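Colleague: Dropping a structure here in structure tokens format, bear with me for questions.
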Amino acid sequence: MRFSFMHKEGGAHPNEQKGSTDTKPIVEASVPKMMIYPMSMHIGAPAEPIVEVGDQVKVGQMIAKEGGFVSAHVYSSVSGIVTAIESRLQAGGSEVESIIIKNDYMYTKAHPIITPGHSSEMSNKEIIDTIRKAGIVGMGGATFPAAIKLAPPEEKKLDTVILNGAECEPYSTSDHRVMLEYTNEVINGIDIVSSLYPDLKNIYLAIEDNKKDVKKAMEDATSGNEKVTVQELKAMYPQGSEKNLIKSLTGREIQAGELPADVHVVLLNVSSARAVYHACELGEPLIERVIFVSGSPVKNPQNLKVRIGTPVESVIEDCEGFSAIPGKILSGGPMMGKAINDLSVPVSKGMTAVSVLTRKQAQIEEPKDCIMCAECLHVCPVSLQPILISEAFERGDIEKAEKLGAMDCIECGNCSFICPSNIPLLDNIRGAKAAIQAKQEG
């Protein structure tokens with residue numbers, strides 16, 4: 001896969017290609033007849049179905065409970081009848097247990113998960129419990145359960161909250177539009193989160209310098225709050241990665257094996273903050289999200305507010321289909337996205353986008369021998385040696401790959417995209433990580 005690409009130390013600058021959707025308002029997506037709810041829309045244990053085939057469900061009704069401490073509840077985004085509980089394909093090619101609901105188009109609502117309108121009166125425990133109850137996960141793609149992230153051990157003493165609105169992937173505009181059109185909801189969500197930390201000193205609203213309209217909207221919404229800094233950052237990929245963002249804003253460095261809480265920071269994606277507001281103030285669980293659908297083959301690229309569980313083929317139809325045969329369809333952006341091999345794959349909690357590539361962009365060139373240029377080292381935002389990890393994996397030396405820091409890879413894809421020899425560095429590092437995890441679990 002190839003895009004116009006200029007590298008910088010610790011990052012890169014691919015052609016942004018945001019112009020087809022960055023000025024387009026968010027539009028309500030169509031809701032199809034059949035909705036699909038995977039039990040693994042989050043990192044951790046799969047959720048466990050609590051409904052049966054034939055059950056009638058309502059909008060906002062829990063249909064699956066968290067399967068462990070690191071897990072998340074799943075809610076129906078429509079009213080209708082459960083028609084099946086079976087294995088279904090998801091982005092990336094794996095199959096997971098899923099609940100299938102036939103939409104009755106009545107949109108009968110379940111009771112709110114909490115009494116709306118009382119977030120200012122909630123205790124810290126009640127806020128965290130509500131976030132957990134709502135099934136909120138990291139909506140920038142990481143999908144880690146938000147209630148766990150926002151409640152680290154007391155000794156961590158968080159002093160900094162970062163709202164991550166960098167959105168550095170090519171094509172990506174959904175966070176841009178969310179910050180612009182739902183500014184107050186996002187800010188209120190961050191206010192709720194910030195109230196959890198008695199040692200709080202700084203709140204950073206991080207955006208790249210290609211979003212001047214967002215910067216103004218955020219500054220207007222936070223004027224008078226001395227703890228809040230709307231911080232404009234140079235557009236660079238992957239500026240929005242956890243480690244990069246923390247270092248850029250605070251000067252603190254996360255070491256191998258550490259989490260943001262270890263340097264007294266918590267980060268939250270724009271859409272996750274909005275979901276916190278909807279849960280704690282409106283009593284609504286996570287049942288919808290904003291995505292963008294873009295790429296040269298798409299006839300009418302859009303930013304869409306989509307009910308979770310909607311098959312991708314439906315959002316493609318909302319964009320009037322394709323003007324040319326796609327080379328590849330991805331869940332997410334072209335740098336980190338996972339392949340969608342079947343358009344019945346549903347929009348999930350962590351799906352930020354549907355990116356459609358041309359055949360030329362999707363073409364995989366034959367790899368050649370490494371020419372020792374060290375470009376992959378220069379663009380790695382976490383200072384790894386991608387070629388050495390890749391070579392260790394290809395030799396089957398998983399222990400060496402682990403020692404070289406394979407598990408610290410954030411899978412940004414910079415190394416593969418910059419490699420003049422077309423070596424599939426990211427694929428090999430992902431393979432190494434999977435092998436390391438299998439060894440640890442076995």
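The values are calculated or read from the model by the stated rules, or taken from the named source; none is laboratory data. Keep in mind that what you see is a predicted model, and the values were worked out from it rather than measured. In this analysis, Cβ positions are derived from the backbone assuming ideal geometry, glycine residues included, and neighbour counts consider all displayed protein chains.
Colleague: Please go through segment 337-362 and pick out each residue that is small (Gly, Ala, Ser) and either assigned to a loop (DSSP other than H, G, I, E, B) or crowded, with 24+ Cβ neighbours inside 10 Å (or both). Before you say what the answer is, go through the steps one by one.
Modeller: Taking segment 337-362 as the starting set, the residues that turn out to be small (Gly, Ala, Ser) are 337, 339, 344, 348, 350, 353, 355, 362.
Hits for segment 337-362 are GLY337, SER344, SER348, GLY350, ALA353, SER355.
Colleague: Collect the residues in segment 370-429 that are among the aliphatic types (A, V, I, L, M), within 21 Å of GLN239 (Cα to Cα) and part of a helix (DSSP H, G or I), keeping them in residue-number order.
Modeller: The answer is LEU377, VAL379, ALA406, MET407, ILE418, LEU425, LEU426, ILE429.
Colleague: When the residues of segment 179-210 are narrowed to those that are assigned to a loop (DSSP other than H, G, I, E, B) and either of a type in the set (Ser, Thr, Tyr) or in contact with an Asp or Glu (Cβ under 9 Å, 6 or more places away or on another chain) (or both), which ends up nearest to LYS18 (Cα to Cα)? I'd like the intermediate steps shown before the answer.
Modeller: Within segment 179-210, the first condition is being assigned to a loop (DSSP other than H, G, I, E, B), and the residues that meet it are 182, 195-201, 209-210.
Subset that is either of a type in the set (Ser, Thr, Tyr) or in contact with an Asp or Glu (Cβ under 9 Å, 6 or more places away or on another chain) (or both): 182, 195, 197, 199-201, 209-210.
On the way: TYR182: 20, SER195: 34, TYR197: 36, ASP199: 38, LEU200: 35, LYS201: 34, ASP209: 13, ASN210: 10 Å.
Looking at the filtered set, the residue picked out is ASN210.
Colleague: Of everything in segment 416-426, what is closer than 12 Å to SER390 by Cα and at pLDDT below 90? Give them in sequence order. Spell out the reasoning first.
Modeller: Here is the first cut: in segment 416-426, the residues closer than 12 Å to SER390 by Cα are 416, 423-426.
If the condition is that a residue be closer than 12 Å to SER390 by Cα and at pLDDT below 90, then SER416 is the only one that fits.
Colleague: Since ASP213 meets every condition but one in (1) among the charged types (D, E, K, R); (2) in a helix (DSSP H, G or I); (3) closer than 21 Å to THR143 by Cα, which condition does it not meet?
Modeller: (3)
Colleague: Among the residues of segment 27-43 satisfying the criterion of being over 24 Å from ALA72 (Cα atoms) and among the aliphatic types (A, V, I, L, M), which is surrounded by the fewest Cβ atoms within 10 Å (Cβ to Cβ)? Talk me through it step by step, then tell me what you get.
Modeller: Within segment 27-43, the subset over 24 Å from ALA72 (Cα atoms) is 27-30, 32-33.
The next check asks that each one be among the aliphatic types (A, V, I, L, M); those that pass are 27, 29.
Details: VAL27: 15, ALA29: 23.
Applying the filter and picking the extreme gives VAL27.
Colleague: Right, PHE292: of a type in the set (Phe, Trp, Tyr), in contact with a strand residue (DSSP E or B) (Cβ under 6 Å, 6 or more places away or on another chain), buried (at least 20 other Cβ atoms within 10 Å of the Cβ) and not assigned by TED's automatic domain parsing to the domain that holds GLY165 or not? So that I can check it myself, show each step before the final result.
Modeller: Numbers: of a type in the set (Phe, Trp, Tyr): yes; in contact with a strand residue (DSSP E or B) (Cβ under 6 Å, 6 or more places away or on another chain): yes; buried (at least 20 other Cβ atoms within 10 Å of the Cβ): yes; not assigned by TED's automatic domain parsing to the domain that holds GLY165: yes.
Yes, satisfied.
Colleague: Kindly state which strands (runs of 3 or more DSSP E) lie completely within segment 1-83 and contain at least 1 residues that are touching a helix residue (DSSP H, G or I) at 6+ places or on another chain (Cβ under 7 Å) and modelled with pLDDT of 95 or more.
Modeller: On the way: elements: 5-8, 11-14, 26-28, 34-38, 62-65.
Hits in segment 1-83: 26-28.
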